[in-house]
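Quick notes on the structure that follows.
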Ligand SMILES: Cc1ncc(C[n+]2csc(CCOP(=O)(O)OP(=O)(O)O)c2C)c(N)n1
Ligand SMILES: [Mg+2]
């Protein structure tokens, strides 16, 4: 596909570098950048201008009919918004930032996107090429700083490279195991004019294999194990969602009748109420999935990477089971848990191959075990959390009411901490791409900008950000984006007046020595008001449901602060250093 | 058990790639014993030789993480038995000491060395070989007022490798053919790590 777009004020800028050629257009590097975005069907950019990226912003002025730019309040906010956008919509998130501090402010978001495989293209301005290495004003070696937190990065100092490099950037960001890419463009290259031949998307890089041809041998071996299994157990992660393989996954699960549990990034790939969905894995996951990991005979991991928050102590993890690991990234296979059958490939392809070879089954007795454990967890934990009898509100009852009011159709975005675990545990998801949370990096401050980004990515869906009193203050300035663009995102602050998750660890493992975890916060409703965002605070059960309903009914953005119990804990819990079967109910 | 592994990395010739590869080791606190980059047998493709002292399990994991970098074509790792390797060393000694006290001829012969430069004030010897060999001459020369000593990184050829010419054609194809679609997990029997 080649495409030459109408490019405004091109020839006017003709300078010495470019020669008139009837087949080409003379454009600036900046115009080539924006043309690349249009050709890649980018609609929304999250960014923040500054000296070294001004030529691109100048050109953007003429592209406002084709590209929407959202001015964030901090570049970190731009990265998380782009992540929220990408994860809600399945498209590549795009970020602009200037050199120096603009670029360093991207690092947290890049790291978050890298570990959670979020497709993102960040474009940073850079000082003039002749100043590189001279400690010029706002010069930073962004390539070296971002190398460990990007899937790929590249510095452009000649405008003629721009079309090809951006084509590569988008291809790399979205293909294979997706991830963040950064392209740094020196100011001279943004200003330079050149003969532009149009944009050609990239489809192949010789040193890069996004996915392999699937080897049937392994599919056959996996099928044999599955067909023989008496207590098979499926663990699924975000790979199912990133691979758009939800339907293939459902067919596999329903044919084999295997109980399936999810990582927090995989939640929603299968509806919450599916009879074979047995719940959440990991440190604060459900009781059954953790305990029974050590009782299954075949463990089938699909698009997940055995994070230590999922496995607990590895030498006590599923030792009795044969492990089948399906993943698109060969570096994940055998990294933490040794696979007996490694199925390297895109699960969109491997799952149907596997489904074709497995025999239809039901595992009633085995499923009953999950139900037994669930009953224990209901009695010991869930009932008290969702329908408490104490005076103070619990986080769980807020989430539970939201389920009731939205019917499980909302996109739930969380920050990091206790509220995150509670939201992931109890929120219902009817459809995929409904949960957006910082899993691998656990980035406080992720929630608010990610919720804003998600709303831009899926304007027709209800987007609810569930955020702690601590985390909201890390990126609270992004309320300005809600104000300026009228973003209809609903913010629920679950205020326990503590850095709750850290306090919980202090209570359980540090003899209640609450070292610097109690936090005084501003009046969040007034803060919202200052940004022109309507809000409310509730601390009594009698008003909670109405307050949530008001929030959902209010057109546009809304902030609801819910005062919850100060010292509530999230249970169950696999204490650090313990095996999954040592999960504690209290 | 830790042992010496030589990791061979075929890459595109790309600025910044050295750092990207080096971070794969530094993030795990693995010390790189020696590192050499050079052109490879294929025009335009670079080859890194990286020597580390590690367990096979860790080396395999690092190798996979390196290979998944976009600009990396291929990674192999080998034990010392699986490669032919050499290091080059240069020794600078005062000419008068050497000429007087040692039988230069014999010394050179014994250590497979040669004199690269002979001046009035100093002489530079050169030898190649394994660590013990270059160390041997170092010890022999130490008593004679060694002025300077330098040893290169290890360079290694993989015994079982059929070179990279064939591979590169497969990599250049738009779609990997089924022959090209090697799967490391199927090649466990082979001498070289292959993905
Ligand atoms: C940027 C960052 N700094 C520190 C932490 C460590 N941390 C994890 S959870 C947590 C407490 C979060 O408190 P709050 O936002 O109030 O949420 P709660 O746990 O109370 O629900 C902290 C400090 C982190 N995850 N991210
Ligand atoms: Mg809190």
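Of everything listed in (1) within 14 Å of another protein chain (Cβ to nearest Cβ); (2) surrounded by 21 or more Cβ atoms within 10 Å (Cβ to Cβ), the single unmet condition for residue B:71 is (2). Set side by side, the residues A:483, A:477, A:536 differ, and just one is within 16 Å of ligand 1 (Cβ to nearest atom), buried (at least 16 other Cβ atoms within 10 Å of the Cβ), more than 14 Å from chain B (Cβ to nearest Cβ) and farther than 17 Å from residue A:412 by Cβ, which is A:477.
Taking residue A:572, is it more than 16 Å from ligand 1 (Cβ to nearest atom), within 25 Å of residue A:390 (Cα to Cα) and touching a residue at least 12 places away in the same chain (Cβ under 8 Å)? Give the derivation first.
Numbers: more than 16 Å from ligand 1 (Cβ to nearest atom): yes; within 25 Å of residue A:390 (Cα to Cα): yes; touching a residue at least 12 places away in the same chain (Cβ under 8 Å): yes.
Criteria met by residue A:572.
Among the residues of region B:144-173, those identified as within 14 Å of chain A (Cβ to nearest Cβ) and assigned to a loop (DSSP other than H, G, I, E, B) are B:164, B:173.
Taken together, the criteria exclude residue A:515 from residues that are in contact (Cβ under 8 Å) with a residue 12 or more places away in the chain, within 16 Å of ligand 2 (Cβ to nearest atom) and in the same structural domain as residue A:407 (by TED's automatic domain parsing).
A count restricted to region A:471-485 and to residues that are within 16 Å of ligand 2 (Cβ to nearest atom) and touching a helix residue (DSSP H, G or I) at 6+ places or on another chain (Cβ under 8 Å) stands at 4. The single condition among (1) within 15 Å of ligand 2 (Cβ to nearest atom); (2) in contact with a helix residue (DSSP H, G or I) (Cβ under 7 Å, 6 or more places away or on another chain); (3) not in a helix (DSSP H, G or I) that residue A:532 does not satisfy is (1). Of the strands (runs of 3 or more DSSP E) lying entirely inside region A:188-280, not one contains at least 2 residues that are under 24 Å from residue A:412 (Cα atoms), free of Cβ contacts under 8 Å to residues at least 12 places away in the same chain and not assigned by TED's automatic domain parsing to the domain that holds residue A:39.
The sole residue among A:467, A:472 that is part of a strand (DSSP E or B) and within 9 Å of ligand 1 (Cβ to nearest atom) is A:467.
For region A:486-506, state whether one or more residues are away from ligand 2 (no atom under 14 Å from the Cβ), touching a strand residue (DSSP E or B) at 6+ places or on another chain (Cβ under 8 Å) and part of a helix (DSSP H, G or I). Write out each step before concluding.
Start the filter on region A:486-506 by keeping residues that are away from ligand 2 (no atom under 14 Å from the Cβ), which leaves A:486-491.
Checking the rest, the ones that are also touching a strand residue (DSSP E or B) at 6+ places or on another chain (Cβ under 8 Å) come to A:488-491.
Next, from what is left, pick out any that are part of a helix (DSSP H, G or I): none.
There is no residue in region A:486-506 that is away from ligand 2 (no atom under 14 Å from the Cβ), touching a strand residue (DSSP E or B) at 6+ places or on another chain (Cβ under 8 Å) and part of a helix (DSSP H, G or I).
Condition check: crowded, with 24+ Cβ neighbours inside 10 Å and either modelled with pLDDT of 95 or more or closer than 22 Å to residue A:443 by Cα (or both). Does residue A:155 satisfy that? Against the criterion (crowded, with 24+ Cβ neighbours inside 10 Å and either modelled with pLDDT of 95 or more or closer than 22 Å to residue A:443 by Cα (or both)), residue A:155 does not qualify. Of the residues making up region B:113-150, those that are exposed (fewer than 13 other Cβ atoms within 10 Å of the Cβ) and closer than 30 Å to residue B:4 by Cα are B:114, B:132, B:139, B:142, B:148, B:150. Here residue A:511 meets the list (1) crowded, with 24+ Cβ neighbours inside 10 Å; (2) away from ligand 1 (no atom under 16 Å from the Cβ); (3) on the phi > 0 side of the Ramachandran plot almost entirely, failing just condition (1). I'd like to know if region A:297-317 contains one or more residues that are modelled with pLDDT under 95, surrounded by 21 or more Cβ atoms within 10 Å (Cβ to Cβ) and either out of contact with any helix residue (DSSP H, G or I) (no Cβ under 7 Å at 6 or more places or on another chain) or part of a loop (DSSP other than H, G, I, E, B) (or both). Among the residues of region A:297-317, not one is modelled with pLDDT under 95, surrounded by 21 or more Cβ atoms within 10 Å (Cβ to Cβ) and either out of contact with any helix residue (DSSP H, G or I) (no Cβ under 7 Å at 6 or more places or on another chain) or part of a loop (DSSP other than H, G, I, E, B) (or both), which makes the answer no.
State all residues of region A:438-456 that are more than 16 Å from ligand 2 (Cβ to nearest atom) and either surrounded by fewer than 24 Cβ atoms within 10 Å (Cβ to Cβ) or within 23 Å of residue A:528 (Cα to Cα) (or both); if no residue qualifies, say none.
So the first thing to find is which residues in region A:438-456 are more than 16 Å from ligand 2 (Cβ to nearest atom), and the list is A:439-441, A:449-456.
Hits for region A:438-456 are A:440, A:441, A:449, A:450, A:451, A:452, A:453, A:454, A:455, A:456.
The values are calculated or read from the model by the stated rules, or taken from the named source; none is laboratory data. All figures in this text were calculated on a predicted structure; none of them were measured in a lab. Positions of Cβ are backbone-derived with ideal geometry, glycine not excepted, and every protein chain shown enters the neighbour counts.
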